[in-house]
Amino acid sequence: MRKSFVDYPTVHEALLYKRMPEKKVECGLCERRCLIENGKKGHCKTRKNIDGKLYTLVYGDISAIESRPIEVKPFFHYWPGSTALTLSTWSCNFDCPWCQNFHLSKSEPNPAAARFHSFDSIVDISMRRNDEGVCISFQEPTLLSDWATSLFKAARRKGLYSCFVSNGYMTSEALQLLKNSGMDGLKIDIKGDSETYRKYCCDVELEKVWKNAREAKKSGIHVEVVNLLINGVSDTESCVEETVEHHLRDVGPDTPLHFVRYYPAYKFDRPPTKIRMLERAYQIAKKSGVHYPYIGNVPGHKYESTYCRNCGEKLVQRSAYSIRKYNVTQNKKCPKCNTRIPIRGEYIKKPRAFFVA
């Protein structure tokens, strides 16, 4: 006998939504706040209105699982040297035409063919692989929030950290729910200025992304910001200056700011970002008062290492997502001038960075 749609294990009533007249629902997961008619799906295609109730279609539907260095995310001031069991589901609430993981973000979930993963099984895998935490990444992790809340609670019971690599467009209610469940790390991608979001991300409001960064930081979540400099889209000085201004105002000078090199992917075939523009962005941020700017996706570049903001001492030397030298004291200070370095968690010394498929 054919199963009822709601009987599939990866279909689960959503946590955040409002019932509306005529069996419509308003989704409360991301800031699109989709108004969904009965039988229809929201913008992200992972939430469906079934007879006046909203259901997530990706509850424990995991599309990829890998143990990865935390520096890949990139997190540079959060459990340095550690590895996180990194997982994802399907689809996205943005429409970025340069997406590196489009094979996941542009694929809709199929509950009839999905393989359900319990949150306890994910924690067990992480423990067996000697990971220090769990991370939801690759495509937009907010879409997995209904299941992630249980995962993060289970991870916390085992002493594991929990983090998101996100576009930052969740609602305040979703952010608070995730924090209360144990999420203490959030990396937010900034695509560019307001025009970039309007033109390329299907009318997303940039101010709401920065609002979430600000709220996360204020609530005690460790935040790092990544600005992808896209060739011909967001690699101008004016765009960088706007991002730096937001960064300093909303999350403060001690929050790491990564300027990341774009490479052609999906529908975008423009050449990679020029390294000199990345270096210029670094200089703009540093001159403006950002204490810990970085350059990413340029392996071996000197600006992927951490320097003391006070005396300039090289504290953490990185190359290809691996820590080559760690010179921060046990009480998280510069050994030369005693300046405190803002780092969440302990340095985990492992023989080398590694990936497990």
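Observations on the structure shown:
- Candidate set from segment 153-178 (those that are crowded, with 19+ Cβ neighbours inside 10 Å and not hydrophobic (A, V, I, L, M, F, W, C)); member that is farthest from Gln139 (Cα to Cα): Tyr161
- Only residues that are more than 25 Å from Leu228 (Cα to Cα), in contact (Cβ under 8 Å) with a residue 24 or more places away in the chain and in a loop (DSSP other than H, G, I, E, B) were counted in segment 109-147, giving 11.
- Leu175 being out of contact with any Pro (no Cβ under 6 Å at 6 or more places or on another chain) and free of Cβ contacts under 8 Å to residues at least 40 places away in the same chain: no
- Taking the conditions (1) in a loop (DSSP other than H, G, I, E, B); (2) in contact with a Leu (Cβ under 8 Å, 6 or more places away or on another chain); (3) of a type in the set (A, V, I, L, M, F, W, C) in turn, Cys337 satisfies each one other than (2).
- Enumeration of residues in segment 88-108 that are among the small types (Gly, Ala, Ser) and not in a strand (DSSP E or B): Ser91, Ser105, Ser107
- Residue selected from segment 298-350 under the condition free of Cβ contacts under 8 Å to residues at least 24 places away in the same chain, out of contact with any Lys or Arg (no Cβ under 7 Å at 6 or more places or on another chain) and of a type in the set (Ser, Thr, Tyr), by the criterion surrounded by the fewest Cβ atoms within 10 Å (Cβ to Cβ): Thr329
- Just one of the listed residues (Glu245, Glu215, Glu224, Glu237) is in contact (Cβ under 8 Å) with a residue 40 or more places away in the chain, crowded, with 23+ Cβ neighbours inside 10 Å and among the acidic types (Asp, Glu), namely Glu224.
- Filtering segment 113-124 to residues that are touching an Asp or Glu at 6+ places or on another chain (Cβ under 8 Å) and among the aliphatic types (A, V, I, L, M) leaves only Ala114.
- For segment 257-303, the set of residues classified as under 23 Å from Cys99 (Cα atoms) and within 18 Å of the chain's Cα centre (by Cα) consists of Leu257, His258, Phe259, Val260, Arg261, Tyr262, Tyr294, Ile295, Gly296, Asn297, listed by residue number.
Laboratory data are not the source of any read-out in this text; all were calculated from the coordinates shown. Just so it is clear, the structure is predicted and the values come from calculations on it, not from any experiment. Here Cβ is always computed from backbone atoms with ideal geometry, including for glycine, and neighbour counts include all displayed protein chains.
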